[in-house]
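The values are calculated or read from the model by the stated rules, or taken from the named source; none is laboratory data. Keep in mind the model is a prediction, meaning the values are calculated, not measured. Backbone-built Cβ (ideal geometry, glycine too); neighbour counts: all protein chains shown.
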Amino acid sequence: MLVGLVGKPNCGKSTFFKASTLAEVAIAPYPFTTIAKNEGVGFVKVDCVDKEFNTKCNPRFGYCIESKRFVPVELLDVAGLVPGAHEGKGMGNQFLDDLNQADVLIHIIDVAGSTNEKGESVPVLSYDPANDIKFLEHELDMWYLRLIEKGWERFARTVNQERPELKKAVAKQLSSLRVTEKLVESIIQKLGLEQDIMKWDRNTLAKIATELRKATKPMVIACNKIDVEGAYENFEKLKKEFQDYLLVPCSAEVELALREASKHELIKYIPGESNFEIINQEKLTEKQKNALEFIKAEVLDKFGSTGVQKVLDIAVFELLKYIAAYPVATNKLTDKDGNILPDCFLVPNNITALEFAFKVHTDIGNNFIKAIDQKTKLVVGKEHKLKHGDVIEIITSK
């Protein structure tokens, strides 16, 4: 699974990426600071099951703090996109193509309206962030249309002559966009398309591009810089204008400050929580103390969190509809080496026990006999569908 960070320059994408990964990336208040894609590991947050079993887990990957399990996900931060990106402006084609591998997108906007359409700094509240939501969707739609139109005429003539099953032919033609036959069939029905593909004009292909983008690149909008005075009013306007969209208020800069302070053991902070604890008062300067007071009063108390962790969690659990499940090798919740709940897998909703076994390891899947739900102690078969938070002991023939 790959989570793509997208947006125009100078909206806070690189800060969001660094806050999520604590990676060293270039951050500066001018366009195109990021000129090559950044890849890193962020984390989604789940309530760890170790609390339910009155034990303490030993994660092999990620980490766990006070029964809050942080499970790694891949993040991709591409360079900022500007109007005309699909035509190659601002190296747009290159970075749009980088996004093709992403399963879900986080669109980061400057909700304070302090960055214009080119990514240049302007006075706070002087630019309407609604323009960014519209422009990015247009660029993505045009990018999809460009990929669809490539070789389309020859393809359409072949389909017209050979008469294969339409949904199968279109799905194969657009396989690079992760298009399935089921998705093609649903779009044909939704748009009421003719079975004669020769009647699909450019306007029709544009509508198909939009539907494909929505289906294959679900998106949550991170309304960044919410801590800036006046930004919240902009956020409320956006919620009214884009009622069918997922918009989350956030401050990547505040999240980064908290994580850096926690890293240097100045505070105790669990990402996504509404509070922090100062643990090294004497090492804090007056400036740092004032900053922490501002963060508590103007961000955490107002919004419940910085929003960064919430955005990541929404992308994986709400948009992709993934669940977290724990494979174990014994009824003591350990692996073969005795580590307690060492793995937490992010897997698609409705995954079966056998499919889960193959996710853990091919050999485990090939030698699968049965599984045991460690919460209920019931034996389950290979077709049993897992739920979020399941702990599954997999029994094999070897």
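Would you mind finding the one in Glu153, Glu117 that is in a loop (DSSP other than H, G, I, E, B), acidic (Asp, Glu), at negative phi and more than 23 Å from the chain's Cα centre (by Cα)?
Values: Glu153 fails: in a loop (DSSP other than H, G, I, E, B).
Among Glu153, Glu117, only Glu117 is in a loop (DSSP other than H, G, I, E, B), acidic (Asp, Glu), at negative phi and more than 23 Å from the chain's Cα centre (by Cα).
In the stretch 168-284, counting only helices (runs of 4 or more DSSP H) that sit wholly within it, the ones holding 1 or more residues that are touching a residue at least 40 places away in the same chain (Cβ under 8 Å) and acidic (Asp, Glu) span 231-241, 252-263. A Cβ distance below 6 Å, combined with a sequence gap of six or more or placement on separate chains, defines the contacts here; from the stretch 134-153, residues that are farther than 15 Å from Asn100 by Cβ reach residues that are surrounded by 17 or more Cβ atoms within 10 Å (Cβ to Cβ) in the pairs Phe135/Pro83; Leu136/His107. Based on this model, can you work out whether Ala231 counts as within 23 Å of Ser20 (Cβ to Cβ), more than 20 Å from the chain's Cα centre (by Cα), crowded, with 21+ Cβ neighbours inside 10 Å and modelled with pLDDT under 95? Answer is no for this residue.
In the stretch 373-384, the residues that are assigned by TED's automatic domain parsing to the domain that holds Thr352 and in a loop (DSSP other than H, G, I, E, B) reach residues that are exposed (fewer than 12 other Cβ atoms within 10 Å of the Cβ) and of a type outside the set (Lys, Arg) with C-beta atoms within less than 9 angstrom, at least six apart or across chains, in these pairs: Gln374/Asn331; Lys377/Asn331.
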